[in-house]
1. Taking 0.36 nm per intervening residue step and subtracting the Cα-Cα distance, what contour gain separates A331 from A282 on full extension?
2. Among W245, W363, W30, which comes first, then next, by fewest other beta-carbon atoms within 10 Å?
3. Starting from 0.36 nm per residue, how many nanometres of slack lie between V46 and A321 once their C-alpha separation is accounted for?
4. In Å, the Kirkwood hydrodynamic radius of the range 258-382 over pairs of distinct alpha carbons?
5. Compute the label zone of D159 within the range 75-103: residues whose backbone N is under 16 Å from the point 7 Å along Cα-to-Cβ.
6. Order these by the 10 Å Cβ neighbour count, fewest first: K96, K116, K178.
7. Can you pull the one-decimal nm distance between simple spin-label points at I143 and L294, each 7 Å off the Cα toward Cβ?
8. Would you mind ranking E361, E214, E283 by Cβ crowding within 10 Å, fewest neighbours first?
Amino acid sequence: MPPREDPAERTGFLRYFYRGWRPTRLGRLWSRAYAWVTGLGLMSGVLVTLQTMDRSRGRLSSTVLVVARYQGERYLVSMLGDGSEWVQNVRAAGGKAFIKRGRRHPVMLSEIPTQKRASILKAWCQVATSGRQHLPVSHRAPISAFEAIAGDYPVFRIDPGVQARAGELDRRQRIAGKALLTCGIVAALTYVGTDIVCGVLYPGYSFTDQAVSELFAIGAPTTRVVVPLFSLSSLLSGAFAAGVWLSSGHNRFLRLMAVMLGGSALVGMALWNFFPMHMRGAETGFTDTMHLILATNPFVLLSIAFGVAAFRGRFRFYTAATILVLLVSAAFAFLYAPELRAGQPTPGLGLGERVAQYAYELWQAALAIVLLRAQHSEAYRFRHDA
């Protein structure tokens with residue numbers, strides 16, 4: 001953003017729409033309405049609606065811009081300088097965007113170096129009768145005047161040669177991404193289903209008073225069934241983590257979540273296969289100690305915590321509520337750790353533990369559904385256009 005006053009603030013009506021190189025509330029409302037009308041193709045041919053992926057909210061943001069033609073190429077100019085939201089969004093997305101006039105077309109925008117902007121800026125001023133009010137020079141000024149301010153006003157070329165390729169999605173990557181995300185749902189169903197079925201098969205087992213870990217304890221009658229199925233669930237969760245990573249786009253919190261999900265899957269694999277607890281009444285040892293340590297699995301809570309930062313709207317509130325349920329339920333369950341290790345009764349332990357674990361599995365399945373739905377939305381198509 002140029003470190004000086006916006007010249008447009010000195011003009012009549014524009015001061016109500018722009019302050020400090022940013023649109024006012026009235027300006028934002030007008031821009032949204034104007035973008036909608038322009039996107040329908042009802043305005044002048046020099047106007048287009050540019051749609052960019054909001055780098056913080058993860059959804060498309062629309063802006064009306066004037067297209068300038070210079071030496072056979074089409075260009076877009078940021079009249080508000082580097083501080084424009086659409087400029088920062090385009091840079092964050094590597095130049096990927098959409099232009100809409102009736103129909104939406106994917107495009108690639110290439111930023112023009114400062115030393116090559118002057119002539120384009122002057123050409124833009126000839127058609128952008130309102131936008132040029134933000135420049136401190138007249139549209140009739142010589143090229144040298146535009147050279148002096150070129151560094152303050154980003155210019156992007158609409159590359160027609162890349163445009164066709166920008167709309168082509170990698171089919172194999174799409175299919176692989178969907179398959180990996182679906183693994184999150186299957187993993188949750190596998191875990192919950194195994195717990196319920198094996199709990200029924202275990203003679204005398206109490207879902208409300210006994211821990212899930214007792215289903216695969218050393219010497220338990222259901223160990224041979226639970227360990228392979230829980231391991232399968234962890235493998236599927238690891239695949240799901242890879243799917244979340246592929247779906248993350250420029251959302252760094254989603255990538256961090258994917259890492260945490262992968263870490264949780266690895267901890268689960270170690271827990272099921274290498275560190276089971278002993279059955280109640282049996283002598284405890286090293287595996288029991290490691291079991292209690294790994295059972296805390298901090299990656300579970302961290303993965304959900306990053307979900308609060310990665311998403312907006314209802315899913316963010318749902319994620320926050322899941323964290324609260326996990327904290328309360330897990331805290332209640334871990335209060336029984338000494339009694340469990342000593343083989344004493346633990347009334348309510350199984351119920352508290354299952355509330356926490358089932359809440360997490362439900363959240364994981366919901367996350368998979370949210371990301372799968374996003375693949376069919378404009379936001380997903382934007383992120384993965386190549």
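1. 15.1 nm
2. W30, W245, W363
3. So the extension gain works out to 94.2 nm.
4. Averaging 1/r across every pair of different Cα atoms and inverting gives 16.1 Å.
5. 75-76, 90-99
6. K116, K178, K96
7. Label at I143, label at L294, 7.0 nm between them.
8. Least crowded to most crowded, the residues run E283, E361, E214.
Values in this text are rule-based calculations from the coordinates and carry no lab data. Since the model is a prediction, treat every value here as computed from it, not as a measurement. Here the Cβ is made from the backbone with ideal geometry for all residues, glycine too, and neighbour counts use every protein chain on show.
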